[in-house]
Amino acid sequence: MAKKYVYLFSEGNANQRELLGGKGANLAEMTNLGLPVPEGFTICTDACNSYYENNESLTEGILGEIDNALESLEKQTGKKLGGDNPLFVSVRSGARVSMPGMMDTILNLGLNDKTVEILAKQSNNSRFAYDSYRRFVQMFSNVAMGMNLRDFESVIDKLKESKGYTKDSDLTCEDLKAILSKFKEIYKSNKGEDFPQDTKVQLLEAVKAVFRTWNNPRAIVYRRMNDIPASWGTAVNVQRMVFGNLGETSGTGVAFSRNPSTGENVLYGEYLMNAQGEDIVAGVRTPNPISQLKEQLPDVYKQYTDIVSKLEKHYKDMQDMEFTIENGKLYMLQTRNGKRTAAAAIKIAVDLVNEGLNTEKEALMKIEVRTLDTLLHNQLDSKVLKNITPIATGLPASPGAGVGKIAFTSERAVEMAKNGDKVILVRLETSAEDIEGMHNSQGIITCRGGMTSHAAVVARGLGTPCVAGVSNITINDENTQVEMSGKIYKEGDVVSIDGATGNVYDGAVPTTSPELNEDFKTVMGWAKKYKKLGVRANADTPKDAKTAFDFGAEGIGLVRTEHMFFDADRILPMRKMIVSTTEEDRVKALNELLPMQREDFVKLFVAMNGNPVTIRYLDPPLHEFLPKTEKDEIDLAAATNVSLDKLREIMNSLHEFNPMMGHRGCRLSITYPEIAKMQTRAVIEAAIKVCKDGINVKPEIMIPLVCSKNELEYVKNIVDETAKEVMKEQNYSLDYLVGTMIEIPRAAVLADSIAEAAEFFSFGTNDLTQMTYGFSRDDAGKFLNEYYDKKVFEQDPFVRVDEDGVGALVKMGVEKGRKTKPNLKTGICGEHGGEPSSIEFFHKAGLSYVSCSPYRIPIAILASAQAAIKND
């Protein structure tokens, strides 16, 4: 049977999301439920992939199916595209997961010089007809033909200014005709031909344009940020137009079945009368709250609330719904599981279980793991806020605290962030082109738009604080300054925003750590019940360890001992050890460090309260600790009783051409066994002290950068001999483990041999990725963007684990290690340990635990639970 590419809404259902995209599948499902959905058809995601496989062209087979579907649509509606009783359609994208604002839409398709006159007569509203036509020409020229939207907007702005208009609705029919004439001139000047009057040409160009937007720069960035493969493609939905701009009994709106910011179980949304959907999303006009519709069109409001209730019960989740009212008749244009803040997601999950709509497992699977990050971050200090006054107030579009320097363009936001600045992006309104700047910002302020504007929806998805619709501020025409409360703010000036209240403050307001409520604890309790992976923390200080423990960490998977040596009171003895030319001098310097190191470990063991603590021995190249200023060089020369010239000679001798693959890790302990002896003594003495105080400790000592069994055995012998010596001195017996990091590809290949000497493995995926790819983690960012732009790579392998290469080595290491020792404990302590899709891979690979930064512990716990629910 031939492959099918085009489906009428009546032929699909909600289970065909991968084929029809989320929007198409839900339009089909609503049609099946008997809801008022304008007729249409979906060109499936396979057609998108076919389009790219065929050099961005539609095959004859797909074109034939579009013709057949259009003929069916014309029969259903009794109208004909371009005919005497004209059919008008919208052409919208629809990927299998929601990508708000990332791809484009064309409305009012089918209008031309002939059909606009027919529409004017049929509607008895010439202004409406020509307003719809000018919108179509503008959208088609921009989306399908790639023309600059600003060229068209400036025509409208100039005419409004010349006539003293303040709103688009002030434009008369004659004004719109004049604008339309100018639009056509711009089109012909740009394309060298008249605006297309053939409606079939319009349709096919629009379909191809939507397919092209799948690979536009902002969509590529969004996919990379949200782990969406390019191979998924997008569907295209062609749907009969219903017009919200026919008059005061027509309108359009967006609403959520529950509040997407707080999770409160109330209908939440906005609408505009005599408008089309783009007016709300673009934030061109400030909309009315959905509750006001009850007064304006009570019958429509009642019908709508009944549909909202039906859809939420059907999908068993909070719904985000678009609707249009045409001459008092309600039509549903979309429903989808609504994007929500982390706080809302937690509350909705608990409420859905309490209401009997979801099981615990179902509720857990509906929480977007990445959004938890925002819940765990800071808020503006409420005590400080009591004593200061906002300089501006808008809508609380996305909660959280944002403090940073003002940037007025997306490009500048990106540049400033790269230079280490924290940025607040201030825009008249955002558009999809601003996605990268929004992603790089600590917060977003817009002058226009509502709670469902582009800025609001995207900010909530990013977890970025946003204040929208701040109407009492003014951005100058050059986009270089903004006036708030009578004060001029320029690029680089610092402001603070509270996305939960909509307030903007002058300067940097202090922030406070979040307080997690009972709903959060409930959800974490469910997640711990269903997860299989252990979750530990990467923590080097007692403060980090306590934070991790409070968040639910089950131990420490990585203590980076080198971080402890950079403190002001330790760096000098560390440097003395490094530049020592004899073992005797090195031991003296190490003996200065021993009590400090021992006390560090005591505090970490206490903070973890008997949970496992994995201590990695000294790992980085020694040159990282050396002086960087002449003053420090002079101080070190004096402390070591050598001349400055001699010291510099020693320091130069430590220079390496490729230090990340040089004298570091276990190689230091082999060259200088006294380092491993000092660290072992510190670990064992600390563990014995804590055990004597009543906390049972079993330290895990991890030897880094091993590539052979012999290396590990050599260092392990030092550890065992020193531990035995300390226990004899203390007259105390203590259990401990000695394992290794698998971070060199050779170690994964020889894992069965290395496991003979190791009591556990921990995969250091940062270095393993670096060595597998041959990329420098510190330098790859300089060229990886070119890889993304040219579609060589889709994802940053340092952010999401490369399952095909690095992942294969991890799986090999686990399988080979457990072939030697079936109960070998295996973990991961690279940055990937807190990344949700990587955690799912580690779950499937059979690891024992993941370890991540303290503030990502809840993310790892939830991701581990979702991985278990999904795969077991």
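How about region 94-120: which of its residues are open to solvent by less than 10 Å² (accessible area, probe 1.4 Å) and modelled with pLDDT under 85?
M102
Does region 29-76 hold any residues that are in a loop (DSSP other than H, G, I, E, B), over 20 Å from K3 (Cα atoms) and in contact with a Phe, Trp or Tyr (Cβ under 7 Å, 6 or more places away or on another chain), and which are they? Let's see the steps before the verdict.
First pass over region 29-76, keeping only residues in a loop (DSSP other than H, G, I, E, B): 33-39, 44, 54-59.
Imposing the further condition that a residue be over 20 Å from K3 (Cα atoms) reduces the set to 33-39.
Hits for region 29-76 are P36, V37, P38, E39.
Considering each of A255, A275 in turn, give the residue that is within 27 Å of D351 (Cβ to Cβ), among the aliphatic types (A, V, I, L, M) and either open to solvent by less than 10 Å² (accessible area, probe 1.4 Å) or without any contact (Cβ under 8 Å) to a residue 60 or more places away in the chain (or both). Outline the logic, then answer.
Working: A275 fails: within 27 Å of D351 (Cβ to Cβ).
Only one candidate passes the filter, namely A255.
For residues that are in a loop (DSSP other than H, G, I, E, B) and open to solvent by 50 Å² or more (accessible area, probe 1.4 Å), tally how many sit in region 170-198. Reasoning before the result, please.
Applying the first criterion (in a loop (DSSP other than H, G, I, E, B)) to region 170-198 yields 171-172, 192-198.
Next, from what is left, pick out any that are open to solvent by 50 Å² or more (accessible area, probe 1.4 Å): 172, 192-194, 197-198.
Residues that pass the stated criteria total 6.
Go over the candidates K811, K821, K791, K816 one by one and state the one that is crowded, with 17+ Cβ neighbours inside 10 Å, touching a residue at least 60 places away in the same chain (Cβ under 8 Å), farther than 13 Å from I744 by Cα and among the basic types (K, R).
Numbers: K811 fails: touching a residue at least 60 places away in the same chain (Cβ under 8 Å); K821 fails: crowded, with 17+ Cβ neighbours inside 10 Å; K791 fails: crowded, with 17+ Cβ neighbours inside 10 Å.
The match here is K816.
Return the only residue of K603, K576 being open to solvent by 50 Å² or more (accessible area, probe 1.4 Å) and either over 20 Å from E700 (Cβ atoms) or in a helix (DSSP H, G or I) (or both). Before the answer, list the steps.
Values: K576 fails: open to solvent by 50 Å² or more (accessible area, probe 1.4 Å).
Going through K603, K576 in turn, the sole match is K603.
In this structure, is E53 without any contact (Cβ under 8 Å) to a residue 24 or more places away in the chain, open to solvent by 50 Å² or more (accessible area, probe 1.4 Å) and farther than 19 Å from V89 by Cβ?
Details: without any contact (Cβ under 8 Å) to a residue 24 or more places away in the chain: yes; open to solvent by 50 Å² or more (accessible area, probe 1.4 Å): yes; farther than 19 Å from V89 by Cβ: yes.
When the stated conditions are applied, E53 passes them.
In region 824-852, how many residues are within 17 Å of the chain's Cα centre (by Cα) and open to solvent by 10 Å² or more (accessible area, probe 1.4 Å)?
5
How many residues does region 503-522 hold that are outside any loop (DSSP other than H, G, I, E, B) and under 13 Å from L376 (Cβ atoms)? Give the steps one after another, and end with the answer.
Residues of region 503-522 that are outside any loop (DSSP other than H, G, I, E, B), as a first pass: 503-506, 511-512, 518-522.
Cutting the leftovers down to under 13 Å from L376 (Cβ atoms) gives us 511-512, 520.
Of the residues in region 503-522, 3 are outside any loop (DSSP other than H, G, I, E, B) and under 13 Å from L376 (Cβ atoms).
Quick one: which of I435, I424, I388 is β-branched (V, I, T), closer than 30 Å to M103 by Cβ and either open to solvent by 50 Å² or more (accessible area, probe 1.4 Å) or part of a helix (DSSP H, G or I) (or both)?
I435
Can you name every residue in region 356-385 that is assigned to a helix (DSSP H, G or I) and among the hydrophobic types (A, V, I, L, M, F, W, C)? Please lay out each step first, then the result.
Keep residues of region 356-385 that are assigned to a helix (DSSP H, G or I), which gives 360-365, 369-375, 382-385.
Result: A363, L364, M365, V369, L372, L375, V384, L385.
So that you can scan it fast, the table gives a plain yes or no per residue for (1) surrounded by fewer than 18 Cβ atoms within 10 Å (Cβ to Cβ); (2) hydrophobic (A, V, I, L, M, F, W, C); (3) part of a loop (DSSP other than H, G, I, E, B):
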site: K200; (1), (2), (3): yes, no, no
site: R223; (1), (2), (3): no, no, no
site: I228; (1), (2), (3): no, yes, yes
site: F243; (1), (2), (3): no, yes, yes
site: T249; (1), (2), (3): yes, no, yes
site: P260; (1), (2), (3): no, no, yes
site: V266; (1), (2), (3): yes, yes, yes
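Using the structure shown, decide if V414 is at pLDDT 90 or above and part of a helix (DSSP H, G or I). Before the answer, list the steps.
Numbers: at pLDDT 90 or above: yes; part of a helix (DSSP H, G or I): yes.
Taking the combined requirement at face value, the residue satisfies it.
Do the conditions hold for A500, that is, is it assigned to a loop (DSSP other than H, G, I, E, B), within 30 Å of V414 (Cβ to Cβ) and touching a strand residue (DSSP E or B) at 6+ places or on another chain (Cβ under 8 Å)?
Details: assigned to a loop (DSSP other than H, G, I, E, B): yes; within 30 Å of V414 (Cβ to Cβ): yes; touching a strand residue (DSSP E or B) at 6+ places or on another chain (Cβ under 8 Å): yes.
Here the answer is yes, as A500 does meet what is asked.
Condition test on A206, is it within 20 Å of L119 (Cβ to Cβ) and at pLDDT 95 or above? Walk me through it before giving the result.
Details: within 20 Å of L119 (Cβ to Cβ): yes; at pLDDT 95 or above: yes.
For A206, the condition - within 20 Å of L119 (Cβ to Cβ) and at pLDDT 95 or above - is met.
The values are calculated or read from the model by the stated rules, or taken from the named source; none is laboratory data. Keep in mind that this is a model prediction, so the values were computed, not measured. Neighbour counts run over all protein chains shown; Cβ positions are idealised from the backbone, glycine included. All accessible areas refer to the heavy atoms of the entire protein, side chains included, with ligands and DNA or RNA removed. Shrake-Rupley method; radii C 1.70, N 1.55, O 1.52, S 1.80 Å.
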